Amino acid sequence: MIQGPDDRRAPITPQLAVRVALMGGFALVMFAIIFFRLWFLQVLSGHDFLAKAQQNRVRSIVVQAPRGEILDRNGKQMVKNRATNVVQVDPAELPTNQVVRARMFRRLAFVIGRSRSLHRCVVGEPTHPREVLMVTSLQCEVEQAYFRLPYASVTVKTDASSAVVGYIAERASKFQGVTAPQINLRQYPYKDIAAQVLGYVGEISPTELTWHHFKGVSPATVVGQNGLEYQYDRYLRGKNGAQRISVDALGNANGPALATRNPIPGENLRLSVDQNVEAEGMKALKTGISLAHGNGNPADAGAFVAMDPSSGEIYAMGSYPSFDPDVFAKPISTAHYNQLFGKQANYPQLNRAIQSAYPTGSTFKPITATAALEAGKWAPGETYTDTGTFTDTGGGVRQNAGKASYGTINIVDALRVSSDVFFYNLGRNLNDPRPAGGALQTWARRYGIGRRTGVDLPGETTGTLPSPTWRANRNTIEHTCERKTHKSACGIADGRPWSEGDNENLAVGQGDVGVSPLQLATAYSALANGGRVVTPHIGLQIEDAVGKVVQRFDKPPSRHIALSPAVRAQVMQGLYGAANSPGGTSEQVWKGFPSQYKVFGKTGTAQLGLGRPDQSWYACYVQAGSRSIVVAVTIEKGGFGAEAAAPAARLIVSKWLGVKGKVQAGHSKTL
């Protein structure tokens, strides 16, 4: 049909055509983007999003692996596990709304018996942005733990009753992020017996996560914190399992477990320790302390070591005061911790057998005798007249304990009666101003003084072996300390050089020398076995659940020292006389002991100066065939060695050998 002139429209202008084309193109591009995005989400990524959607209704619960047991040499359980329920909070699952979150924590505090009062809570560290909240102490603990270790569950209640567990489970929607799983807690049946040796466990800290010792360990894992629990943690720990459960939108379980990965229990650790001897050792320490009190000495601490002189196996090791490791099975406040383990409790966590070093008194004299004989500074038949006093080169006068004098004696008799004057003279003869010192320092170091023994426990001290170099370094360090504002870690800076008197002090185990009971026991073991410096060890082997040996820990001697048989015979003869012959410093202590066992022993009384009570020492080797044993005992503020430490040593030896009888304390006033 032909349009009339009035119906005709003007043709589209070029500008309008361009606009229409641009808008159409833009719309087409937008539809294409939406199309391809939908295609990407539904087709290419559909499986991933489906998995994530399913995960939104699945929770994974960690199933803690039981730690391996720790057994004594006879199979007695020294550390085991017990099952219990705990209440845990997963910070990542908590309500994000702060009001709802606070309400939930108040409700939880009421259920588990905690205070619902509000307190000021600072979350964070001084070097990080901090948040200040007014919340319950329970919420504060969780918030602070979350800051330190994100996504790690926080245990807020241990040994939760079945009523608490059931209440939380039935009201899961009101306790978002709260669970009440069953876990295995560490149990120490013998309480304070060998507590420092066994150690304890706890959740791994953020700092510990960076340690090589715990490489690969996940947050919130329970690990060994000290002692054998720490040393052998990788064997004892096991591998945690996991359980996956389906939950609804409110977090309530709505079906059976979807999948479970069973935990792998830790392996068992068998020790060289005899639990009966260990218990007797702690009892013996207390007996020695009681004897010291009877003699007017304020003894309050001590330690002992009993070991095989041939292999280095430790039969018993103890430190007093001690503690019950079970206290760490539950959360402990800082105030309570300080009360139990601080200065007022005399630091019971300190393993004085390996972590404390003291002057040894006359128990050091066998080392001095060895050095003098081996260096040719004294001959086996040579004598010295002990008048009761000794005047050194500088004019200083020293005396025997109790101002005793022993007349003309040889080195064997000097060991038997513990003549200080005789050994002061040896110290002068052995003095050497060269940086490393002379024969006395050389032989002391060979025996293990001033160096770690290599025992399989953390925190062992090196002790102190005085020498001219040591003295110079000490003065340098102390001079630096004098220029500091805080001097709590500094010693007394006298600035004097090494002197002959230093070597005389060292010869009788006095002055600056510092030795741990384990170092002394190792030295006496080398003397007993003819020169093998054993590597002390407590761990014997790793076993599986049925007792099959998985790995043995064979510890070869750390070194051999060239101890001549003639020199050894002289020293051992002196030690035998000290424990058995009339006038011997510990002869009274060993009276009535079965004659089939040969006892070699030496008392020690370390003078600590400044009006402080003396320290009591005793070291002995008892020759009993395959049951031979070396024992070293020290009692702080215990007085004379024969009066406190020596009776304790006999009690330990008697238990090991099955010997019965009353122990007699000595009364010899010798150092």
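Highest-first packing order for the peptide set 360-372, 86-98 is 360-372, 86-98, based on the mean count of other beta carbon atoms within 10 Å.
Computed extension gain for Ala27 through Thr207, at 0.36 nm per residue and net of the alpha carbon distance, reaches 59.1 nm. Could you tell me which of rounded, prolate or oblate describes the range 108-224, using a ≥ b ≥ c as the square roots of the eigenvalues of the alpha-carbon gyration tensor, with rounded for a/c under 1.5 and, failing that, prolate when a/b is larger than b/c and oblate otherwise? In terms of gyration-tensor shape, oblate.
Only four residue types carry charge here, +1 at the Cβ of Lys and Arg and -1 at the Cβ of Asp and Glu. Report the dipole size of the range 59-271 about the Cα centre in Debye, rounded to the nearest 20.
Working: 27 positive and 17 negative charges, 61 e Å.
About 300 debye.
The length gained on full extension between Lys343 and Lys239, counted as 0.36 nm times the residue separation minus their Cα-Cα distance, comes to 33.7 nm. Select from Val417, Leu608, Pro91 the residue farthest towards the positive end of the dipole of the chain; place +1 on Cβ of Lys and Arg, -1 on Cβ of Asp and Glu, and compute about the Cα centre. About the Cα centre, the residue reaching furthest to the positive side is Pro91. Packing order of peptides 282-294, 589-601, 411-423, highest average first: 411-423, 282-294, 589-601 (average count of other Cβ atoms within 10 Å over each peptide's residues).
Suppose R0 equals 56 Å. What FRET efficiency, 1/(1 + (r/R0)^6) with r the Cβ-Cβ distance, do Ala545 and Val132 give to the nearest 0.05? Mind showing how you got there, number by number?
Numbers: r = 50 Å, r/R0 = 0.90.
So, using R0 = 56 Å, E works out to roughly 0.65.
Averaging the Cα positions of each part gives two centres, and for the range 551-565 and the range 261-318 these lie 23 Å apart. Between the range 134-200 and the range 439-463, the C-alpha centres lie 42 angstrom from each other.
Computing FRET efficiency as 1/(1 + (r/R0)^6) for Ser310 and Ser290, where r is the C-beta to C-beta distance and R0 is 30 Å, gives about 0.35.
Quick check: residue separation of Arg552 and Asp512 times 0.36 nm, minus the Cα distance between them. What number comes out in nm? Kindly include the intermediate steps, with their values, before the conclusion.
Values: separation 40, 0.36 × 40 = 14.40 nm, distance 3.91 nm.
Contour length minus Cα-Cα distance gives 10.5 nm.
Using R0 = 51 Å, the C-beta based FRET efficiency linking Leu610 and Arg82 works out to 0.60. Once both labels are positioned 7 Å from their Cα atoms along Cα-to-Cβ, the gap between Val122 and Gln98 label points is 1.8 nm. Beyond 31 Å, the tail of the calculated P(r) for the range 59-271 holds 27 percent of the Cα pairs.
With runs of 4+ DSSP H residues as the only contributors, calculate the mean residue ellipticity of the chain at 222 nm using -39,500 (n - 2.57) per run, divided by the residue total and rounded to the nearest 500. If you can, show how the numbers build up before the last one.
Working: 20 runs with 217 residues, N = 671.
Per the formula, -9500 deg cm²/dmol.
Placing unit charges on each Cβ (+1 for Lys and Arg, -1 for Asp and Glu) gives the chain a dipole about its Cα centre, and among Phe640, Leu506, Thr287 the Cα reaching farthest toward its positive end belongs to Thr287. Residue exposure proxy: Tyr315, Tyr358, Tyr347, ordered by other Cβ atoms within 10 angstrom of their Cβ from fewest to most, comes out as Tyr347, Tyr358, Tyr315. Between Val659 and Asn276, the distance separating the two model label sites (each 7 Å from Cα on the Cα→Cβ line) works out to 1.6 nm. Ranked by the mean number of other Cβ atoms within 10 Å of their residues, highest first, the peptides 164-174, 518-528 come out as 518-528, 164-174. Stokes-Einstein diffusion of the chain at 25 °C, 0.890 mPa s viscosity, Kirkwood radius from Cα pairs, rounded to a whole number: 83 µm²/s.
Bridging of Lys655 to lysines at a Cα separation below 24 Å is possible for Lys76, Lys191, Lys283, Lys286, Lys591, Lys598, Lys602, once same-chain residues fewer than 8 apart are set aside.
We did not get these values from a lab; they are worked out from the coordinates using the rules stated. Since the structure is predicted, the reported quantities are computational estimates derived from the model, not experimental observations. Every residue, glycine among them, receives a Cβ derived from its backbone with ideal geometry; neighbour counts consider all protein chains shown.
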